[in-house]
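Peer 1: Sending over a structure as structure tokens; questions will come in a sec.
The values are calculated or read from the model by the stated rules, or taken from the named source; none is laboratory data. All of these numbers come straight from a predicted model, not from anything done at the bench. Because the Cβ atoms are built from the backbone with ideal geometry, glycine has one as well, and the counts that use them run over all protein chains shown. Just the protein is used for accessible areas: all its heavy atoms, side chains included, with ligands, DNA and RNA removed. Shrake-Rupley method; radii C 1.70, N 1.55, O 1.52, S 1.80 Å.
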Amino acid sequence: METSAVLASAEDRVVDEAVAALGRRHQAHHQASSPEERRRYLRDLFGLVVQCAQEGHAGPIIALSEQIAADRFAGGLDIAGIQGTFNVLEEVLWSHIASTFAGDQRIEALGLVNTILGAGKDALARTYVALASRGASPLGEQP
């Protein structure tokens, strides 16, 4: 079974589970956005995971993560909420993969998803920290 195809076929279920998990976390970031916004964001993020799995590289999720970090920094927002979204999607995907694949396929699929989402989280953190370390402050305020 091709990992990307199996993931793509489970999109609705994975996104529904991730949206529900985010709702249970009661994070201020997620309460500020509507359930529809959270669902759209998770669907987009999930789509990038599938795209990266199909293409065999993490380029698309890295590019999006760098843009998100820059946007959040410029908006004076913390990245913790977005990192939490990545973590929730990862947890749901791990559960889905563990129940779908067996043996070496399970190990490969888990490694692939972990690598993709890890690259996204790493790019998010590196970009945000790089902006902060330049002496800039969110919203153009002086440090």
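Peer 1: For the stretch 98-120, enumerate the residues that are assigned to a helix (DSSP H, G or I) and farther than 17 Å from ALA58 by Cβ.
Peer 2: Of everything in the stretch 98-120, those that are assigned to a helix (DSSP H, G or I) and farther than 17 Å from ALA58 by Cβ turn out to be ALA98, SER99, THR100, GLY103, ASP104, GLN105, ARG106, ILE107.
Peer 1: Of the residues PRO60, PRO35, only one is open to solvent by 60 Å² or more (accessible area, probe 1.4 Å) and in contact (Cβ under 8 Å) with a residue 12 or more places away in the chain; which? Full working, then the answer.
Peer 2: Details: PRO60 fails: open to solvent by 60 Å² or more (accessible area, probe 1.4 Å).
Answer to the selection: PRO35.
Peer 1: Also, quick follow-up: Can you work out which of the residues in the stretch 56-114 that are among the acidic types (Asp, Glu) and in contact with a Lys or Arg (Cβ under 9 Å, 6 or more places away or on another chain) is modelled with the lowest pLDDT? Before the answer, list the steps.
Peer 2: Let us first name the residues in the stretch 56-114 that are among the acidic types (Asp, Glu), namely 66, 71, 78, 90-91, 104, 108.
If we keep only those that are in contact with a Lys or Arg (Cβ under 9 Å, 6 or more places away or on another chain) as well, we get 66, 78, 90.
Values: GLU66: 96, ASP78: 83, GLU90: 95.
Looking at residues that are among the acidic types (Asp, Glu) and in contact with a Lys or Arg (Cβ under 9 Å, 6 or more places away or on another chain), I get ASP78.
Peer 1: Taking ARG106 as the residue in question, decide whether it is open to solvent by 60 Å² or more (accessible area, probe 1.4 Å) and more than 12 Å from the chain's Cα centre (by Cα).
Peer 2: When the stated conditions are applied, ARG106 passes them.
Peer 1: Of all residues in the stretch 75-107, how many are in contact with a helix residue (DSSP H, G or I) (Cβ under 7 Å, 6 or more places away or on another chain), farther than 24 Å from THR127 by Cα and charged (D, E, K, R)?
Peer 2: 1
Peer 1: Assess whether PHE101 counts as being over 12 Å from the mean Cα position of the chain (by Cα) and among the hydrophobic types (A, V, I, L, M, F, W, C).
Peer 2: yes
Peer 1: When you go through (1) of a type in the set (D, E, K, R); (2) in a helix (DSSP H, G or I); (3) open to solvent by 50 Å² or more (accessible area, probe 1.4 Å) one by one for ARG72, which number turns out not to apply?
Peer 2: (3) is the only condition that ARG72 fails.
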